[in-house]
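Working notes, beginning with the structure itself.
The values are calculated or read from the model by the stated rules, or taken from the named source; none is laboratory data. Fair warning: this is a prediction, and the values are worked out from it, not measured in the lab. When we count neighbours, we look across all protein chains shown, and the Cβ atoms used for this are built from the backbone with ideal geometry, even at glycine. Heavy atoms of the whole protein, side chains included, go into the accessibility calculation; ligands, DNA and RNA do not. Shrake-Rupley method; radii C 1.70, N 1.55, O 1.52, S 1.80 Å.
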Amino acid sequence: MELNMESMAGAIGVSVPVFRFLICFLATIPVSFLWRLVPGRLPKHLYSAASGSILSYLAFGFSSNLHFLVPMMLGYLSMLLFRPFCGILTFFLGFGYLIGCHVYYMSGDAWKEGGIDATGALMVLTLKVISCAINYNDGLLKDEDLREAQKKNQLIKLPSLIEYFGYCLCCGSHFAGPVYEMKDYLEWTEGTGIWSHSEKGPKPSPFGAALRAIIQAAFCMAMYLYLVPHYPLTRFTEPVYNEWGFWKRLSYQYMAGLTARWKYYFIWSISEASLIISGLGFSGWTESSPPKPRWDRAKNVDIVGVEFAKSAVQLPLVWNIQVSTWLRHYVYDRLVQTGKRPGFFQLLATQTVSAIWHGLYPGYIIFFVQSALMIAGSRVIYRWQQAVPPKMALIKNILVFLNFAYTLLVLNYSAVGFMVLSMHETLASYGSVYYIGTILPISLILLGYVIKPAKPARSKARKDQ
């Protein structure tokens with residue numbers, strides 16, 4: 001069996017541990033489908049928890065479930081014993097344990113060398129544990145003190161231990177996300193809320209949407225396998241890279257980033273199919289006639305939106321969507337004082353939390369600081385764009401294109417740090433293109449203080465920005 005697995009892993013160019021993970025990850029689709037056939041609420045919670053822990057054992061080994069148990073129990077005990085402080089307590093305890101695992105396992109190095117461990121799944125699990133505790137904490141607050149998202153997700157009653165375990169490990173959804181809320185999990189299991197019988201018709205069929213996600217995953221994997229031999233990350237440290245001219249080095253950074261993104265598109269497409277086919281990915285009905293089901297809860301990436309983003313501000317809305325939503329609700333929004341507008345501090349703090357969540361490699365830290373600068377620079381261009389009168393459509397279109405080109409350049413330049421991880425390789429690759437992706441956003445931010453256009457009438461597009 002091991003020999004068979006070695007030959008199959010070799011056929012697609014991955015290690016045996018990664019191949020074992022991929023098999024278990026793909027198995028989340030049929031496992032999630034079988035959830036639909038389990039009768040009763042308690043059996044569903046038991047199935048969710050048991051299937052998730054068994055898949056974790058098969059993918060990562062017995063120790064993975066022990067690692068998962070630590071933040072899960074820390075979060076539950078915090079809710080049980082220290083409700084007024086359980087949100088902040090779980091946040092720091094959860095991140096503290098995750099950071100310890102990042103330091104101990106140094107998973108980034110293992111991933112680069114073809115290995116894998118449970119740290120990636122622990123990252124997703126940590127966010128779920130923290131959001132559950134914060135929402136239970138919010139259940140103590142008055143409605144007038146809550147934002148709309150807090151009102152929607154707050155927990156008045158402490159979930160039972162089996163409900164909590166089912167939520168955390170549900171059918172292997174902790175492998176790669178997407179992150180979802182405890183309240184949504186409970187309503188889905190109980191058949192209440194948007195999952196109750198609707199006047200708009202019978203329960204929506206998930207099969208068409210799940211099939212689309214599976215086909216998308218197959219295409220993304222094919223693209224990754226085709227591109228990765230042509231654009232290896234090792235090229236950044238090879239002498240031939242330094243022999244190239246500026247434009248070729250810059251274009252290679254773009255192609256290396258594009259190649260790496262197909263891997264993430266594949267992973268998130270599979271997790272999307274898994275959540276859709278279980279029914280948990282359902283997020284309501286469209287307003288069209290006849291109404292159509294929406295599956296936004298399962299969506300973690302908009303491929304076209306990422307590759308053709310008109311502004312860096314749009315990227316958190318289309319890349320790792322559910323984690324970006326988590327960061328907004330549980331970090332960004334909560335750092336904004338009542339009656340005040342968010343600024344660069346909230347953006348930088350949120351990106352720093354995101355960097356620490358990914359791991360303590362210098363490449364991650366640099367990438368997320370870069371991304372904060374990238375978004376701030378893009379906002380400057382957007383403000384200039386909005387200030388252009390309608391009669392100067394050409395100028396406006398030029399600024400739209402410049403924002404698109406700026407986002408494309410700075411994103412792929414910055415992403416090298418996320419891929420190579422080490423300080424030396426990151427700075428060497430940035431230096432090879434004269435730090436253009438750092439100088440450009442800083443220059444735009446400074447120019448934004450000098451060139452201050454008159455504020456246009458506030459529009460929906462402006463609010464989205």
### Task
Could you please let me know if TYR241 is outside the structural domain of VAL179 (by the TED database), touching a residue at least 12 places away in the same chain (Cβ under 8 Å), in contact with a Phe, Trp or Tyr (Cβ under 8 Å, 6 or more places away or on another chain) and among the hydroxyl-bearing types (Ser, Thr, Tyr)?
yes
### Message
Regarding region 110-117, can at least one residue be identified that is open to solvent by 60 Å² or more (accessible area, probe 1.4 Å), in contact with a helix residue (DSSP H, G or I) (Cβ under 9 Å, 6 or more places away or on another chain) and under 21 Å from ILE356 (Cβ atoms)?
### Response
yes
#### Entry: Qualifying residues in region 345-384 (those that are among the hydroxyl-bearing types (Ser, Thr, Tyr) and free of Cβ contacts under 8 Å to residues at least 24 places away in the same chain) - the one farthest from MET419 (Cα to Cα)
THR350
### Summary
Over region 225-247, the set of residues outside any helix (DSSP H, G or I), aromatic (Phe, Trp, Tyr) and surrounded by fewer than 16 Cβ atoms within 10 Å (Cβ to Cβ) is TRP244
#### Entry: Check on ALA209, aliphatic (A, V, I, L, M), surrounded by 19 or more Cβ atoms within 10 Å (Cβ to Cβ) and either in a helix (DSSP H, G or I) or not assigned by the TED database to the domain that holds THR438 (or both)
yes
### Query
What helices (runs of 4 or more DSSP H) completely inside region 301-347 contain at least 1 residues that are open to solvent by 60 Å² or more (accessible area, probe 1.4 Å) and hydrophobic (A, V, I, L, M, F, W, C)?
303-307, 315-318
### Summary
Flagged in region 51-91 as farther than 26 Å from PHE25 by Cα and open to solvent by less than 70 Å² (accessible area, probe 1.4 Å), in numbering order, are LEU74, TYR76, SER78, MET79, ARG83, CYS86, GLY87, LEU89, THR90, PHE91
### Message
Can you confirm whether PHE404 is within 24 Å of the chain's Cα centre (by Cα), modelled with pLDDT of 90 or more, closer than 27 Å to PRO232 by Cβ and among the aromatic types (Phe, Trp, Tyr)?
### Response
no
### Query
Mind checking which residues of region 248-291 are of a type outside the set (Asp, Glu), open to solvent by 30 Å² or more (accessible area, probe 1.4 Å), out of contact with any strand residue (DSSP E or B) (no Cβ under 8 Å at 6 or more places or on another chain) and not in a helix (DSSP H, G or I)?
SER288, SER289
#### Entry: Residue ranges of helices (runs of 4 or more DSSP H) in region 25-127 with at least 1 members over 26 Å from ILE276 (Cβ atoms)
62-81, 86-105, 107-112
